[in-house]
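Inspection log for the structure reproduced underneath, given as structure tokens.
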Amino acid sequence: MKRMEDIIIICIIFGSGALIALTAILTAHKRSSMKLQIRMLEKEAELEQIRLQSYHSETEKMKLELEQSKQLLLERHID
């Protein structure tokens, strides 16, 4: 009877250790996954900022080209 209790206690101890190790592995994986997701979101935000700057630059360029075209048309019309 004592031997059976000892076996049960040993199983509980090893089972607890395995559960703790498994929990640590899963926690580390989740933490790593979250860090990767944060880095991806930072890169996406950076890319979006670059796209927005490019959009503004292109818009300004088009405004200047339009203004130049207007000037040319006015000059031709006056002549």
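The values are calculated or read from the model by the stated rules, or taken from the named source; none is laboratory data. Note that the structure is a prediction, hence the values are computed from the model and not measured. As a convention, Cβ positions derive from the backbone with ideal geometry for all residues, glycine included, and neighbour counts pool all protein chains shown.
For the condition loosely packed, with under 10 Cβ neighbours inside 10 Å and not acidic (Asp, Glu), what is the one hit in Met4, Met40, Met34?
None of the other options fit; the residue is Met4.
Give the residues of segment 53-79 that are modelled with pLDDT under 90 and of a type in the set (Asp, Glu), sorted by residue number.
Within segment 53-79, Glu75, Asp79 qualify.
His77 versus (1) surrounded by 10 or more Cβ atoms within 10 Å (Cβ to Cβ); (2) over 36 Å from the mean Cα position of the chain (by Cα): which is the lone unmet condition?
The one condition His77 does not meet is (1).
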